[in-house]
Every structure is written in structure tokens, then in C-alpha cells.
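Taking it in order: structure first as C-alpha cells, then the write-up.
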Amino acid sequence: MSWVRWPRTTIASRAVGAFVYAGFWAVAAVTALGLVPDHRRGRAMSIVAGGLTTVPRTTPDRASAPRISSELRAMTNPRLWLAYSTPALSTGALLVTFSYFAPLLAAPKAAPRKVEVTCATGN
């Protein structure tokens, strides 16, 4: 019956990992935004988002180093482009959403306190 405990452990470790990742992402975002002037915040966030989705790799040996031709040939694979575009589009959508709502949420005084509705009558 040890196989019954495996999914629970996996789900729990994924939940803990997601919680830790969210905390790290929040700290990285706040730090990056605090280090740059206001007009460079978009670039700082894009660097943070791009850096957190990059997986570091060890340096290959000279004998097993990939050839440029094989790397370029791999770029014609549609599944590779799907793998590249999915995180790029989701991160882009997240940043666009926050960029759109940030002024609305940061400056509630800019919203009108009283809305007047007028109707024009065609007499």
C-alpha cells in the first residue's frame, strides 16, 4: 500500500514548492522594482520574469558540444515553439494585466466620487 502515499506526497511537495516559488517571485519583483527608476520598471519586471523561467545548464564538454546546424534544425520543430510560446504568452498576459490595472488600483483618488447621468431629450 505504499503506492497510495506517493500521490499525496507529490501533491504536497508541489504545493509547498509553489508557495515557496511565489514568495521568491514576490521578493524578486519588489527588489527589482526598488532598484530602478520609475520609467524602467517594465524592463525590470521583464528581466525578473525572464530570469525566473530560465533553467541553468552545466557547460558541455568540447567533445559533446552541440553543433550550430543541429541547433538551428531543432528550431523548426513546432512542439519546441509551442513550449517556448506558452510561458511567453502567459507571462506576457500576466504583465499586461497588472500593467493595465496598476494605475487603477494605485490611485483610487483619480476615480470620480460621484457619477452624474444626463439624458438628452429630442424635443
Q: Looking for whichever is loosely packed, with under 11 Cβ neighbours inside 10 Å and modelled with pLDDT of 80 or more here; the options are A88, A15, A63, A28. Which one fits?
A: A15
Q.
Restricting to the stretch 7-31, name every residue that is out of contact with any helix residue (DSSP H, G or I) (no Cβ under 9 Å at 6 or more places or on another chain) and of a type in the set (A, V, I, L, M).
A. I11, A12, A15, V16, A18, V20, A22, A26, V27, V30
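The values are calculated or read from the model by the stated rules, or taken from the named source; none is laboratory data. Remember, predicted model here, so these are calculated numbers, not experimental data. Note that we place each Cβ from the backbone using ideal geometry, even for glycine, and neighbour counts take in every protein chain shown.
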